[in-house]
Each structure stands twice: as C-alpha cells, then as structure tokens.
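The values are calculated or read from the model by the stated rules, or taken from the named source; none is laboratory data. Since we're looking at a predicted model, the values are computed, not measured. As a convention, Cβ positions derive from the backbone with ideal geometry for all residues, glycine included, and neighbour counts pool all protein chains shown.
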Amino acid sequence: MRSDARLASVSLSVVAAFLWASYYGFFLGLGHSVTPVGLIAYPFLAGGAVLALWAVRSGHGEALRRLFLSAAQWGRVLMFLGIQVSIVAVTILSGPVDAALLSLVGDVALTPLFVMAIFQEGRDRLRSPLFLGGILLSGFGAALTIFDGGRVAPLGGYGLLAAPLIPILIAGFFVSSSRAAREYPSSAVLGQAALGAGALALPLAFLLPASVGALAVHGALPVVLLVGCGLTSFALAPMCYFEAIGRSGILLPALLQAGIPVFTLGFTAALSGHTPGWIGLAGIPVAVTGAVLAVQGSHAVS
C-alpha cells in the first residue's frame with residue numbers, strides 16, 4: 001500500500017471515530033426532550049436523506065433502488081437498526097462511555113476477526129506479534145480510560161441482552177457493508193442502510209405502552225441536535241469510514257476506531273464536568289500506542 005494512501009486512510013478513520021463519538025455528545029445534549037424511539041429514528045432519517053442525495057447526485061440512484069428491492073440487503077438494515085437500539089439501551093442504563101467501550105470491541109477486535117474467519121482475508125496477520133499485541137494494548141488502554149472515567153453500572157434485564165449485541169452487530173454490519181460496497185457504490189449501500197433503518201424504527205413507537213406522542217420532539221433546539229446528529233454520526237462518519245476502507249481495506253480503519261471511547265470521554269467530560277483520574281489519562285496514550293502497533297502489524301506477513 002502506498003504511504004500516501006495509508007496516511008489518507010488513517011486521517012479519514014480518525015475523523016470518522018471523532019464524528020461517531022460526537023453521537024454521545026448529542027445524546028447528552030438532548031436529555032429528555034426526545035423519546036428513545038425518536039433518538040433512534042430521526043438521526044437515521046436525517047443521515048439517510050443526505051446519503052441518498054449523495055447517491056443520486058453521483059449517478060447511483062438506480063443502485064440505491066436495487067438495494068431497496070433486494071431482500072438479502074435488508075439483513076444489513078436490521079443489523080444497523082439493532083446496533084442503534086442496543087447502543088441507546090446501554091447508554092441509558094449504564095452510560096455513554098460503557099457503550100463506547102462495547103463499540104470498541106466490535107470495531108477493533110471482532111471486525112478483523114470476522115473478516116479473517118468468515119471471508120478468509122488477512123489471516124496472515126495472525127502471525128504478526130505487532131497486530132495481535134496492538135489489538136490487546138489498544139483495548140487495554142481504552143478500558144483503562146473508560147473504567148476510570150465512566151460510570152460502570154451493573155446491567156440487568158434488557159441491558160444484559162443489549163451489551164453483547166453491540167460488538168457482534170457492529171462487526172457484522174461493517175463486514176457485510178464492506179462486501180456489499182464491492183458490488184454497489186458505497187453511497188447507495190450507506191443510504192439504503194440508514195433510510196431503511198429509520199423507516200423500520202418509526203413503528204417501534206407504537207409498540208410502547210404510551211405510543212401517543214412517542215415520536216414528538218419538544219422545542220427547536222432538539223430538532224437541530226437530532227439533525228446535527230444525523231449529519232455527523234450517520235452521514236459524514238460512515239462516508240469517511242468507507243472512503244478509508246476504499247483506500248486501505250477494512251482492517252486498518254476498523255483498528256483506528258480505538259479513538260471512539262477516548263473521544264467519547266472527552267464529550268462527556270465537557271458536558272458533565274467530569275474528568276478522569278490519572279489512570280484514565282494514562283489509558284489514552286496506551287490506546288493510541290496500541291492502535292499504532294496494530295496498524296504497523298496490519299501489513300501482510302510473508
């Protein structure tokens with residue numbers, strides 16, 4: 001891989017991690033002004049509208065239409081919706097940084113392993129001490145930051161179901177989406193996933209005990225925040241991420257999502273006034289060092 005392509009992929013991946021982490025800032029800013037169903041559906045629809053417009057303006061409207069008509073492609077949509085439902089559940093029950101840690105497990109650990117196990121790609125990297133050590137070190141550093149800086153609360157009920165689903169669904173969604181992007185333009189793949197998930201999320205309001213008003217948004221600021229969340233975390237972030245995949249493959253961008261929990265802790269500290277102790281601060285360079293080592297170890301081993 002050319003050094004300029006690798007540098008561009010690294011830059012795009014870090015930007016994607018920051019934009020995805022900003023989701024938790026929007027979540028905290030919205031407070032109780034919108035129901036969980038609205039928090040799930042509206043960002044999907046806002047981001048999906050941008051992605052669909054991007055696909056149409058790029059001349060990929062027909063590909064977008066074919067994706068919506070393909071029953072097999074709706075599996076990705078269900079995974080995308082499942083990710084968001086699980087993240088909202090864990091964020092409400094245990095806090096943003098705990099949800100970010102579970103996302104990290106899906107991005108940095110499970111996604112590369114899914115690629116290797118299911119598609120038999122990149123298995124030579126299992127012989128790279130840098131790759132394996134980098135994954136472990138990055139996860140350890142992020143765990144230090146999160147467990148010192150976040151509120152680790154015991155999960156029960158739906159939380160016990162949602163927690164393991166987050167990393168599994170994230171890995172499954174991004175692996176299947178990257179494969180679909182080999183046949184369809186990424187703008188169409190992402191647009192169909194976001195719009196489809198938003199459309200499927202709306203009926204969830206009528207499954208709640210008090211369905212009347214479940215989709216209502218109170219105030220102009222929450223509307224702005226929901227749209228902003230859709231534009232950043234559901235449109236720009238995946239656009240950057242898949243552009244990075246197009247330049248370097250799926251493993252490098254997945255590993256660099258180690259920055260998500262670190263950025264998330266920054267957002268929660270800024271909005272709540274909470275700052276981590278020295279252990280949490282020490283975890284940041286440890287996580288970054290691990291990601292750098294994993295990136296170096298992601299070169300093919302001869």
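Taken together, 250, 260 contain a single residue that is at pLDDT 80 or above, among the β-branched types (Val, Ile, Thr) and surrounded by 15 or more Cβ atoms within 10 Å (Cβ to Cβ), which is 260.
Filtering the range 277-296 down to residues that are closer than 18 Å to residue 20 by Cβ and surrounded by 22 or more Cβ atoms within 10 Å (Cβ to Cβ), which residue is modelled with the highest pLDDT? Within the range 277-296, the match that is modelled with the highest pLDDT is 287. Only a single item in (1) more than 22 Å from residue 252 (Cβ to Cβ); (2) at pLDDT below 90 is not met by residue 55, and it is number (2).
In contact with a helix residue (DSSP H, G or I) (Cβ under 6 Å, 6 or more places away or on another chain), more than 25 Å from residue 31 (Cβ to Cβ), of a type in the set (S, T, N, Q) and modelled with pLDDT of 80 or more: is that true of residue 84 in this structure? Taking the combined requirement at face value, the residue does not satisfy it.
Residues in the range 224-244 that are buried (at least 24 other Cβ atoms within 10 Å of the Cβ) and under 17 Å from residue 291 (Cβ atoms): 241, 244. Note on the range 263-276: among residues that are over 22 Å from residue 289 (Cβ atoms) and surrounded by 22 or more Cβ atoms within 10 Å (Cβ to Cβ), the one that is modelled with the highest pLDDT is 267.
When residue 73 is tested against (1) under 12 Å from residue 190 (Cα atoms); (2) modelled with pLDDT of 95 or more, just one condition goes unmet, and that condition is (2). Within the range 22-38, the set of residues being under 17 Å from residue 235 (Cα atoms) and modelled with pLDDT under 90 comprises 24, 25, 27. When the range 39-73 is filtered for residues that are closer than 26 Å to residue 103 by Cβ and outside any helix (DSSP H, G or I), the ones remaining, listed by number, are 72, 73. Kindly evaluate residue 172 against the criterion of being more than 21 Å from residue 27 (Cα to Cα), at pLDDT 80 or above, touching a Gly at 6+ places or on another chain (Cβ under 9 Å) and in a helix (DSSP H, G or I). Criteria met by residue 172. Scanning the range 1-38 for residues that are surrounded by fewer than 18 Cβ atoms within 10 Å (Cβ to Cβ) and either touching a His at 6+ places or on another chain (Cβ under 8 Å) or in a loop (DSSP other than H, G, I, E, B) (or both) yields 1, 2, 31, 32, 33. Report yes if residue 225 is part of a helix (DSSP H, G or I), under 18 Å from residue 40 (Cα atoms) and either in contact (Cβ under 8 Å) with a residue 40 or more places away in the chain or not acidic (Asp, Glu) (or both), otherwise no. So residue 225 passes the test.
Please indicate, with yes or no, whether at least one residue in the range 145-163 is of a type in the set (Lys, Arg) and modelled with pLDDT of 80 or more. Scanning the range 145-163, I find no residue that is of a type in the set (Lys, Arg) and modelled with pLDDT of 80 or more, so the answer is no.
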